[in-house]
Amino acid sequence: MKLLMIYCDVFSYKPQLKTLENFPDFTEEVAKEKVLVAFTQMEEKDLKDLKKVETKLVKNLKWGAKKNEVKYVILHSFAHLSTSKADPESTKTLFDKVELRLLAADYTCEQTPFGYFLDINVQAPGRSAARIFLDF
């Protein structure tokens with residue numbers, strides 16, 4: 001699992017190109033403020049122990065959110081952090097489980113449209129806790 005967390009004063013996106021046909025259609029442009037964005041890539045090795053990966057991801061997201069004093073997390077599939085990739089269906093299932101766990105822990109959580117290239121706007125402050133990369 002590769003995880004790049006970026007705290008954003010402003011994060012916005014607009015779907016541009018759908019790359020996976022078996023996921024829902026989205027056209028809406030979205031903008032959020034004061035949010036931790038999790039650019040996440042699930043790797044093939046992660047399929048061996050999905051529960052462990054899920055738990056580590058949730059713990060790291062909570063930690064990153066706490067470091068940045070927010071309770072708002074956006075999950076974004078970013079399959080450019082490694083050459084190893086899990087299948088899209090497994091990644092989406094993981095995201096759904098992580099989102100439910102964060103919501104149950106009193107976080108606001110949502111996902112960017114899955115299976116799309118997005119136009120994104122990231123406005124992040126220049127401090128060390130605003131950008132955290134983890135490989136687990």
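Bear in mind that the values in this text are calculations on the coordinates, not laboratory data. Quick caveat: nothing in here was measured; it's all calculated off a predicted structure. Cβ coordinates were reconstructed from backbone atoms using ideal geometry, including for glycine residues, and neighbour counts include every protein chain displayed.
In straight-distance terms, cross-link reach from K59 covers every one of the lysines whose alpha-carbon lies under 27 Å from its own, apart from those fewer than eight places away in the same chain; here that gives K2, K32, K34, K45, K48, K51, K67, K71, K85, K92, K97. Among the GluC sites (Glu not before Pro) found in region 1-78, those both in a DSSP coil and sparsely packed, with 15 or fewer other Cβ atoms within 10 Å of their Cβ, are E21, E28, E29, E69. With each label modelled as a point 7 angstrom along the Cα→C-beta vector, the Q123-T27 pair spans 2.7 nm. For the chain, the 222 nm mean residue ellipticity estimated from helices alone, with every DSSP H stretch of n ≥ 4 adding -39500 (n - 2.57) and the total spread over all residues, rounds to -8500 deg cm²/dmol. Restricting region 79-124 to GluC sites (Glu not before Pro) that sit in a DSSP loop and have at most 16 other Cβ atoms within 10 Å of their own Cβ leaves nothing. Rg and Dmax, both from the Cα atoms of the chain and both in Å, are 14.0, 39. Extension gain for D135 to A104 (0.36 nm times residue separation, less C-alpha to C-alpha distance): 8.6 nm.
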